[in-house]
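The values are calculated or read from the model by the stated rules, or taken from the named source; none is laboratory data. On a predicted model such as this, the values are computed, not experimentally measured, just so you know. Reconstructed Cβ throughout: ideal geometry from the backbone, glycine too, with neighbour counts over all protein chains shown. Each accessible area value is taken on the protein alone, full model and side chains, heavy atoms only, with ligands, DNA and RNA left out. Shrake-Rupley method; radii C 1.70, N 1.55, O 1.52, S 1.80 Å.
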Amino acid sequence: MGAPSNETRDQVFFQLRRYCIELLDLTRNPTKNPSFLTEMAGFLRRASAAELQPCLDYTLFPLLLLLDASVQCRSGKNADSSGSSSAADSPFSGQKIGDSVAEGTLSCLEELLRKCYLGSVNQMVVVLKKLTFGALLSPSEASEEFRIGIIKCLKAMLLRIQPCFVVSCSCKGIFFVPTMAITLENCFPNPAYYEEPEECLLSFLQSKDASAAVGHWLSLLFQVAEVEVARGHCGSATLRKEAFLTLRVLVAKVGTADALAFFLPGIVSRFTKALLLSKTMISGSAGNAGSIEHTVLGLTEFLIIVLRDEANLTAQKFSISEITYDKNGSAEKVLDVLRHLPASIHNQSEYSLCQSAQIPVNDDKKGINHDEYPGTISLYVQRTKDWVDQTSAQVDKLLSATFPHLCVHPAEKVRKALVDGTMGLLSHCSFTLQRSRLMLLECLCALVCDDSDAVSCAAQDSISLLFHSGKKFMRETDFSELFTSFLERLPKVVLGSEEIVALSHARRLLALMYYAGPELVVGHMFCSPMMTARFLDYLILSLSPNSQFTGSINKIISSKPLTVGYLLSVAELKSGSLSSDANNSINGDGFPLVSEMSMKNPSENMPGDYELPRMPPWFLKVGSKKLYLALAGILRLAGLSIMAGDRSDVPLLSLIDNLLEYMRKLISELRMKGYKQEGWQSWYSYGDSAKMLRQTSSVVCVLNEIIYGLADDSINSCLKLFKNETQVEEAPKMEFICYSDQLKFRSSWKVRQGKDVREQIIYCVGSILHEYTSSELWDLPVDPTSQLKYGTETNLSLYIFRDSRMLHQVIIEGIGLFSKVLKKDFINSGFMHSTLYLLLENLICSNDVIRSASDASLHVLSANTDHSTIGHLVIANADYIIDSLCRQLRHLDLNPHVPNVLAAMLSCIGAAKEILPLLEEPMRVVSLELEVFGRHQHSHLTVPFLKAVNEITKALRFESFRLTSLAESFNAHVILKISSTQDGGSNSSINMSENGNFTGIQLQLEPLEELLFKLNEMRRYRRTIGSLASSCLKAANPLISSQMESACLVALNILEDATLCLAKVEEAYMHEKKSKAAIESAIHLCNSNELKDEMDSQDDDVDENRLLPAMNKIWPYLILCLKNKISVEAVRRCAGVLTRSVQISGGNFFVRRFRTDGHIIWKLLTTSPFQRNPFSSKNERPLLLPYRNSP
């Protein structure tokens, strides 16, 4: 910026002169109107630095004079620090400067110091002196705005101090921390006018003469911040924030380890005290996020300046200073030392620190230096090896007590500051703070998966530099130590800490595994059976159902509705302390220990209703999805590391076998229970059976996540935790580099390609499914209301039902997950045939959680095997399902659930042309079971069988309507086709007879053969529909007169659908008959003996008249149902079916039957349907047979 013109300078000076006169007048008359101060501050804000700099002394004098008066009238003390004069002798004694005047003065002074730089040390000393007295005022003596103005004036003055242009000046030794450089840029985004002053002020701040003043101001700034904390909620968060920010600026301007090392113990301890307060105080000035942010940055910047590796070379044996001051040594000794010096400063730091334990330290170099200033104590220390070691040990204790807690701080800016500070310490103090390296790496790992994009991206960039760069920040030994520490603490943190702490710890382990790469993960987890077993034990324990009983009393209190007696503060509500605990269950309700575990709103548990994987049911009480996803991510990366790395000596099957041993042990125990014919309650209560059952659930969950980690979508979802969505596609290609003692590993999180890899995965899935489908596991009781499986036991503990349901749920969800991994290979490997029936079987489970899991798994299975719906999936595998049904129908005593499975299967697929022909054999078995002997033998299966038959009749009814319309359209097509063929054949036959060949006749026979083939196909399908409908009627007829209302109602539904189906079948038969006649006439014209023989071979009328014979059998049962009057609903339904049957069968049928049974209908119309004839409770009512009068 160029110098302003003389005219401009005169205008500025004229304006400032008027303001200065007003200031001086205000010092003599404090009651004068101070409104001009606002105008003066605005003028100073608008004027340029070049215009104000020549008038600095002129303007600064009245401002400091008025500031001095304001301080004196508030403190009652003389501004002169010598103490030679008292307050009574002060020229401003007895005058009261108002707050508006004092605050306006500071506002003007701040703007002046922001624009102008001080030209001499004396000038800076005067300003510092005046500001010091103002900073000493207590909150009771000065207003908050006044004290904030004092701090801002100091900050403005410090920010305007710049290094001089002398190359050899000590100000060139200032080390600017990157975070402080960003802060300075934010304070002064635009370059200001600056000319080099007469003296270098930065050099003065670094000198021994200014060390006392610097230390005093450091203490004052801390004192100002601590006073606001002591005031509690009345304290000013803004003042505390400004104090820490100004302290950072002061440290940055001093900027050398020599000048600041003496103050390290006090500054670090007071910074740590401020950070420790944030653990217990989340509101007020102590919990303010801005002040905590500057505290973290101030602490790390101070440590970087004092303890950075390059600044502490003198603490080592081979240092320049030791060679220079070794006056007693010979020249040969000096040359020998020079020969051992490393070539570069960085290598010197590393080499010297490595050799420090072998080098003796002279005692005369320790402690404080007294030589240069005899009789006085210089605030300087020599940073010897012992001083660095002792200091780093103390710093490590303080950092370990504060930094891990800040990783879970609710404020984003605090966590972002922690990332920047941690990376600065690791980059610049990696040798001096060796004790803290692992703790700092832990913090970075925890923040990599942070919920905030700004924090996570910064942490990812930082940790990528440590793991992937060639600077060798991270070695294999560091990973091993960190991994062991994380893994050993994982169960304790998950089971015994708050959710936010457990989530942070789990994310640390997950981030460490991801950035280390698959080679190191395999090398430190699965290189030996002992390490593999240790890893699995820790993860199984962390995911165990025992974790649902964890948490503090605060979680229980917060999960309850708030009352008047317990109200959280606004800051606590904003910080999420309530929501993180009260909403840790997915559906918003508490997870009952024993009662039914139903998910009223599954959409809250997952993005879609059929999305897998899901969180295991017992984990609902532990925490949110975030904690489970972190633990699941660890397992997924563990399985993926084996298949992604280049090591072939660690097969995936060995890991799977270790887990399957838990399941085999449970299955063996269940078999022994069966051999001993032991009851469920005694088995569950004896020994470790209950623990084994819950542990198996955890093992199944671990198996599911390990296998799911090999799926493509699993890899992408894991990468989203560490990369932006735009970078996910490129992330699998990233190479992860980590250094061991001899090798450098390069690997990526991507499954190896090859047939052997795919076969290994398929073999592992087959081994798992073999145990999943074990019949012993599915015999476990899940429904306390059903006693079919449990014999005479009626006092079973509700805990066994809960544990069994959880095990079944995770197994079912695992089947769906395996299909996502294998895709088409799930069918090609035969896994579909062994699991589909199991899923359909559980689709009708009485427990809604298991039913929901089966439904989700079936949808996932159909989607990953290229089937649009579950119905198409069942149809494609119908032969295997029907075979299983028929096999189990032969042993109903062992498989009482088969009728429900049949009903569920039919309800899934609805009407299906492909599957109805396969149901004839099951329908014959069902008909036998619904006869008198079958109902007597398996009375509890009557209603389930009826429900299955009802589903069949629904499908038949739909197909019969479609069949009728198809037959009618086919008849029209036949007539049109034959007429067109005959017309074309008559014209061509004349020509062909002249030519002497028979091509025309052959052309006429081809369409007739096609039509005849389609007719025969339709006839076969129609007969199948009619046969099944007749079988359904035959099976349901006797149960129309049942005394059980449920059986009666289902039988009436079957009757209505079946009669309508038979009517439509006969209507389709009439259309087929017309089509057949047309085809026969065409064949007769063509004189084809072969087609005639084929037509004659069809037995048309063998079973086509089905409706009236069926109605003759049904009618007596309908009349008997009306006479029984079981309930109003049964009578109403029976009357409706009777009406529909009469409409279908015709009036003649009704007239004949009404003559015999009309009095029963009339009697029903004249009496109330609620009145029933009493009969014995012992079911001694005589049997009423059709066409026989009652005795």
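Quick notes
- Accessible surface, 1.4 Å probe, highest first, among residues Val1065, Val126: Val126, Val1065
- Using only the C-alpha atoms, the convex hull of the range 809-849 corresponds to 59 Å³ per residue.
- Under-5 Å amide H pairs with Leu543, H placed in peptide plane, nonlocal only: none
- Distant-in-sequence amide contacts of Val381, defined by a placed amide H-H separation under 5 Å and a gap of 5 or more residues or a different chain, comprise Phe262.
- Applying the Karplus relation 6.51 cos²θ - 1.76 cosθ + 1.60 with θ = phi - 60° to the range 1038-1044 yields 3J(HN,Hα) values of x, 7, 5, 8, 5, 7, 8 Hz, where x marks Gly and Pro.
- The phi torsions of the range 16-27, fed into the Karplus equation with coefficients 6.51, -1.76 and 1.60 and a -60° offset, translate into couplings of 5, 4, 4, 5, 5, 4, 5, 5, 5, 5, 5, 5 Hz, rounded to whole numbers, with Gly and Pro shown as x.
- For the set Lys750/Lys823; Lys273/Lys626; Lys625/Lys823; Lys625/Lys750, the pairs lying more than 29 angstrom apart at their alpha carbons are Lys273/Lys626.
- Two-site FRET efficiency, Phe176 against Asp209, from Cβ-Cβ distance with R₀ of 30 Å, rounded to 0.05: 0.80
- Computed with a 1.4 Å probe on the full set of protein chains, the accessible area for Arg160 sits at about 10 Å².
- Cα-projected label distance for Val1128 with Arg46, points at 7 Å along beta-carbon direction, nm: 8.9
- Solvent exposure ordering (accessible area, 1.4 Å, most first) of Met281, Met692, Met525: Met281, Met692, Met525
- Val408 exposes around 30 Å² of accessible area when a 1.4 Å probe is run over every protein chain in place.
- Distance between modelled label sites at Glu488 and Thr773, nm, 7 Å Cα→Cβ extension: 4.4
- The length gained by stretching the chain between Asp25 and Asp99 to full extension, at 0.36 nm per residue less their Cα-Cα distance, is 24.9 nm.
- Remark: the Glu1009-Ile1160 segment gains 48.8 nm on full extension, using 0.36 nm per residue and subtracting the alpha carbon distance.
- Heavy-atom accessible area order for Ser960, Ser1042, largest first, 1.4 Å probe: Ser1042, Ser960
- If R0 is taken as 51 Å, the Cβ-Cβ distance between Ser1046 and Leu438 corresponds to a FRET efficiency of 0.15.
- Computed FRET value (nearest 0.05) for Glu310 with Cys169, which takes r as the C-beta separation and R₀ as 22 Å: 0.70
- Backbone geometry of the range 1118-1132 corresponds, through the Karplus equation with coefficients 6.51, -1.76 and 1.60 at θ = phi - 60°, to 3J(HN,Hα) couplings of 5, 5, 5, 5, 5, 6, 5, 6, 5, 7, 4, 5, 5, 5, 4 Hz, x marking Gly and Pro.
- One chain, two ends: Arg18 and Asn1016. Fully extended at 0.36 nm per residue, the span grows by 347.7 nm beyond their Cα-Cα distance.
- Note on Asp879: accessible area approximately 70 square angstrom, rounded to 10, probe 1.4 Å, nucleic acids and ligands left out.
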